[in-house]
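What follows draws every value from the coordinates through simple rules; no lab data is involved. None of the values given here were measured: they were computed from a predicted structure. Methodologically, a virtual Cβ is constructed for each residue, glycine included, from the backbone with ideal geometry; neighbour enumeration extends over all protein chains shown.
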């Protein structure tokens, strides 16, 4: 990882350095996604199955996974899916989608300083591919000194391909594994997030905001239910971080 | 049926819904990036941004694990322990999932 992190910067015509965005970085990103693939494939197929049960065609299901590319919100949307839409129904769909995916606003804000200097195309593509696990992969790679922005894009692309590809067999043949909960696969993201806390650990002082975030999120979940707890907890953590000195 | 009603019924209605969801999700993905590219990042905001990744991670893991009960916490502990000792993601994931599966098999 560090070998690639040291990749040289490209020089632009004006003598300014443009941060690297290389094929090697794309491939490294794809490789870092491998531990997550079993979970992505099982849940992609589970989404395909759930969508076919709701009466979505194969093409609708594939377009759903390819364009929306946000698993939790896709599953929740199926709960309110219908054959014939009304304006009120569509409005509800947009509000629910935005609530479930609002955490992406904060994820984008956190990683933006790293995206500065990307071309417009790189920025648009990388933003589209940003989802929980590759955002975390990119954040970790960056915190360890990596500079190749294509790691974020490559890990997102690998997740996107697996997610879309897994949707089809699920729609056509039913879920790949009958009872994913028995293998803990419903918690695959939670396990990945937990493991990633270890390399993020920089001592107890920078972890104070995390504890505030966790406690606030727990309370918000108890009081409000739904999905707002992630954003509420994360904002509380960031606010705490703003007011404490995080020097170790 | 008016043209508008036809647009919201099969075969188009599903695609209209998917299109709107796509727009809403991309707006979530892009708005944080666009907003931060327009503000000047002072030391206080920089500290908040540094605290954000860990806050999002813990703020997601803790409530979801609490909702899933003891097997989730056993899995989280196993994943963290293996990651701390080996620093190999695949092993940490395997340990976490095995922990959840074992705890559930035991009926916890």
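For A:223, A:93, which order do you get if you count the other beta carbons within 10 Å of each Cβ and list the fewest first?
Working: A:223 10, A:93 23.
Ordered by Cβ neighbours within 10 Å, fewest first: A:223, A:93.
Please find the FRET efficiency linking residue A:53 to residue A:124, where r is the Cβ-Cβ separation and R0 is fixed at 30 Å, and quote it to the nearest 0.05. After rounding, the FRET efficiency stands at 0.30.
The order of the peptides A:188-195, B:85-92, B:33-40, A:229-236 by mean Cβ neighbours within 10 Å, most packed first, is A:188-195, A:229-236, B:85-92, B:33-40. Among B:42, B:32, B:13, which one moves the most in a GNM of chain B with springs linking Cα atoms closer than 10 Å? Between B:42, B:32, B:13, it is B:13 that shows the largest mean-square fluctuation.
With the helix formula -39500 (n - 2.57) applied to DSSP H stretches of n ≥ 4, chain A reaches a computed 222 nm mean residue ellipticity of -22000 deg cm²/dmol.
Calculated mean residue ellipticity, 222 nm, chain B: -28500 deg cm²/dmol, from DSSP H runs (n ≥ 4) at -39500 (n - 2.57) each, averaged per residue and rounded to 500.
Which shape class, rounded, prolate or oblate, goes with segment A:2-196 when its Cα gyration tensor gives a ≥ b ≥ c as root eigenvalues, a/c under 1.5 marks rounded, and past that a/b bigger than b/c marks prolate? Mind showing how you got there, number by number?
On the way: a/c = 2.29, a/b = 1.70, b/c = 1.35.
Because a/c hits 1.5 or more and a/b exceeds b/c, segment A:2-196 counts as prolate.
Work out the mean other chain Cβ neighbour count within 10 Å for the residues of A:96-108 and drop it here as an integer.
Values: counts 2, 9, 5, 2, 3, 7, 3, 5, 9, 8, 8, 7, 10.
Across the residues of A:96-108, the mean count of other-chain Cβ atoms within 10 Å is 6.
Annotation: peptides A:113-123, A:19-29, ranked by per-residue average of other Cβ atoms within 10 Å with the highest first, follow the order A:19-29, A:113-123.
Separation of segment A:125-187 and segment A:215-230, taken as the distance between their Cα centroids, equals 25 angstrom. Shielding value for A:214-226 is 4, the average number of Cβ atoms from other chains within 10 Å of each residue's Cβ.
For A:54, A:202, what's the fewest-to-most ordering of other Cβ within 10 Å of each Cβ? Don't jump to the answer; show the numbers that get you there.
Working: A:54 16, A:202 13.
Final ranking by Cβ density, sparse to dense: A:202, A:54.
Pairing the Cα long axis of helix B:70-86 with the longest principal axis of chain B, what angle in degrees results, from 0 to 90 and rounded to the nearest 10? Its long axis makes an angle of about 70 degrees. The alpha carbon gyration tensor of segment B:53-108 gives principal lengths a ≥ b ≥ c with a/c of 1.5 or higher and a/b no greater than b/c, which makes the shape oblate. Which angle from 0 to 90°, rounded to the nearest 10, does the C-alpha axis of helix A:132-143 make with the longest principal axis of chain A? Between helix and principal axis, roughly 10 degrees. With a/c under 1.5 counting as rounded, go ahead and sort segment A:148-210 into rounded, prolate or oblate using the C-alpha gyration tensor (a ≥ b ≥ c being the square roots of the eigenvalues; past the cut-off, prolate if a/b is larger than b/c, else oblate). Judged from the Cα gyration tensor, segment A:148-210 comes out oblate (a/c at least 1.5, b/c at or above a/b).
Name the residue, out of A:101, A:179, A:134, whose mean-square fluctuation peaks in a Gaussian network model built on chain A with Cα pairs under 10 Å. The residue with the greatest mean-square fluctuation here is A:179. Between segment A:82-111 and segment B:36-99, the C-alpha centres lie 24 angstrom from each other. Inter-chain Cβ neighbour count for A:116-124, averaged per residue, equals 1 (cutoff 10 Å, partner chain atoms only).
Distance between the 7 Å Cα→Cβ label points at residue A:18 and residue A:181: 5.1 nm. Counting neighbouring Cβ atoms within 10 Å and putting the fewest first, the residues B:56, A:34, B:18 line up as A:34, B:18, B:56.
Given the peptides A:145-153, A:78-86, A:160-168, arrange them by the average over their residues of other C-beta atoms within 10 Å, most packed first. Mind showing how you got there, number by number?
Working: A:145-153: 24.3, A:78-86: 13.8, A:160-168: 19.3.
Going by the mean number of other Cβ atoms within 10 Å, highest first, we get A:145-153, A:160-168, A:78-86.
Between helix B:89-105 and chain B there is an angle of about 80 degrees, using the helix long axis and the longest principal axis of the Cα atoms.
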